[in-house]
Amino acid sequence: MLLTDLAVADFKQARIIIEWYRSRWEIETYFRVVKGGCQIESIRFRTEQRMLNCIAIYMIIGWRLHSMTTRARTLPDTSCTKFYSEKEWRMIWIMQAKTSPPNEAPSMRDITCMLAGLGGFLGRNGDGEPGVKTVWRGYTKLLHYMEAAEALNGLK
């Protein structure tokens, strides 16, 4: 049973309200990424403008991580190049497969599962698809790996 204060005169309106409610879970997941993954609530600011700037950036990051996870489920066979830069997917491949990356970009599902693997996703037969939490953990590690690779290239 879904309680609402919106007027529902017919079945078509009821379906619209149900679709709005179904979107609620995606919204909750998105804000869980912003709050839990980015840990926005633990940051202390001296000015309101700094806080607003940080929130704006973290909302973009949260959207990206949530979109990666969702896209890997809804369009698993598309190329990962729509969401991942070439440096990102190649680094993910190197860190997870321990081999040179292929010339052609892998699928969205494959590279997102590999990214989630960096964040603790095991990918066993009964595990299902990776969740946004392992994706954000993996992405955090990916950023560290990319920073280390850039530092090593600077030493050469």
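The values are calculated or read from the model by the stated rules, or taken from the named source; none is laboratory data. Remember, it's a predicted structure, so these values are computed and weren't measured experimentally. Using ideal geometry, Cβ is built from the backbone for each residue, glycine included, and neighbour counts are taken over all protein chains shown. Ligands, DNA and RNA are stripped out before the accessible areas are found, and what is left, the full protein with its side chains, is counted by its heavy atoms. Shrake-Rupley method; radii C 1.70, N 1.55, O 1.52, S 1.80 Å.
Couple of notes before you dig in:
- Carbon plus sulfur fraction of accessible area for segment 1-149, probe 1.4 Å, in percent: 56
- Heavy-atom accessible area order for H66, H144, largest first, 1.4 Å probe: H144, H66
- Per-residue SASA remark: K98, around 150 Å² accessible (1.4 Å probe; ligands, DNA and RNA not included).
- Among W93, W136, W20, the residue with the largest mean-square fluctuation in a Gaussian network model of the chain, with springs joining Cα atoms closer than 10 Å, is W20.
- Probe 1.4 Å, accessible area per residue of segment 1-63, Å²: 88
- Net +/- balance of residues flanking V132 in space, Cβ distance below 13 Å, scoring K and R +1, D and E -1: +4
- Solvent exposure of S23, expressed as accessible area, is near 60 Å², computed with a probe of 1.4 Å over the protein chains only.
- Under Karplus coefficients 6.51, -1.76 and 1.60, residue-wise ³J(HN,Hα) of segment 108-125 in Hz, glycine/proline x: 4, 5, 4, 6, 5, 5, 5, 4, 4, x, 5, x, x, 5, 8, x, 6, 3
- Taking every DSSP helix (H) stretch of at least 4 residues in the chain, weighting each as -39,500 (n - 2.57) and dividing the sum by the residue count yields a mean residue ellipticity at 222 nm of -21000 deg cm²/dmol.
- Most mobile of R90, R46, R71 in a GNM of the chain (Cα contacts under 10 Å): R46
- Shape of segment 1-83, Cα gyration tensor, a/c cut at 1.5: oblate
- Ligands, DNA and RNA aside, E104 has an accessible area near 150 Å² when probed at 1.4 Å.
- Aspartates and glutamates with Cα under 20 Å of K82, excluding same-chain neighbours fewer than 8 positions away: E104, D110, E129
- The aspartates and glutamates within cross-link reach of K98, meaning a Cα-to-Cα straight distance under 13 Å and a gap of 8 or more places when in the same chain, come to none at all.
- Solvent exposure ordering (accessible area, 1.4 Å, most first) of V8, V33: V8, V33
- Exposure ranking of I57, I43, I16 by accessible area [1.4 Å probe, largest first]: I57, I16, I43
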